[in-house]
1. Step by step: first the residues of segment 61-84, then only those that are basic (Lys, Arg) and more than 18 Å from residue 34 (Cβ to Cβ), then the one that is farthest from the chain's Cα centre (by Cα). Which residue is that?
2. Being assigned to a loop (DSSP other than H, G, I, E, B) and closer than 19 Å to residue 1 by Cβ is the filter here; which residues of segment 12-60 pass it?
3. Return yes when residue 65 is of a type in the set (Asp, Glu), outside any loop (DSSP other than H, G, I, E, B) and at pLDDT 95 or above and no when it is not.
4. What's the total number of residues in segment 8-44 that are touching an Asp or Glu at 6+ places or on another chain (Cβ under 7 Å) and either buried (at least 16 other Cβ atoms within 10 Å of the Cβ) or more than 12 Å from residue 74 (Cα to Cα) (or both)?
Amino acid sequence: MARVKITVTESRCRAGYHSAGEEFVVEDLCPPVCHELWNVLYPQIYALLNGGDLDHKDGRAAFFEAVCPDEGRVRVRAERLEDRMPGTDGDVTS
């Protein structure tokens, strides 16, 4: 299953919800992101989770950058992570 990592690259969030450097990994549940920002991110996150690539400059890419609708106070970069191989979740099995 695909996963998407959201990284907060810049933050001047009025409510103090987000800080630069925060990271969230999205698999099947919504991350703790404010609803205004999530409404901007969700369509592209959905595409990446389902294997789609997004328009980027002259080509296609498995990432995007977005800004909060509140005067661009929060900026994020989201990228699809490579699919995990079975048995690579950190568990050691013998």
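The values are calculated or read from the model by the stated rules, or taken from the named source; none is laboratory data. Because the structure is predicted, anything quoted here is derived from the model rather than measured. As a convention, Cβ positions derive from the backbone with ideal geometry for all residues, glycine included, and neighbour counts pool all protein chains shown.
1. Ranking the candidates gives 84 first.
2. Taking segment 12-60 and keeping what is assigned to a loop (DSSP other than H, G, I, E, B), we get 12-22, 27-34, 50-53, 57-58.
Within segment 12-60, 27, 28, 29, 30, 31, 50, 51, 52, 53 meet the criteria.
3. Numbers: of a type in the set (Asp, Glu): yes; outside any loop (DSSP other than H, G, I, E, B): yes; at pLDDT 95 or above: yes.
Spelling it out, residue 65 is indeed of a type in the set (Asp, Glu), outside any loop (DSSP other than H, G, I, E, B) and at pLDDT 95 or above.
4. Restricting attention to segment 8-44, the residues satisfying the condition of being touching an Asp or Glu at 6+ places or on another chain (Cβ under 7 Å) are 8, 14, 20, 36.
After this cut, where a residue has to be either buried (at least 16 other Cβ atoms within 10 Å of the Cβ) or more than 12 Å from residue 74 (Cα to Cα) (or both) as well, the list is 8.
Within segment 8-44, residues that are touching an Asp or Glu at 6+ places or on another chain (Cβ under 7 Å) and either buried (at least 16 other Cβ atoms within 10 Å of the Cβ) or more than 12 Å from residue 74 (Cα to Cα) (or both) number 1.
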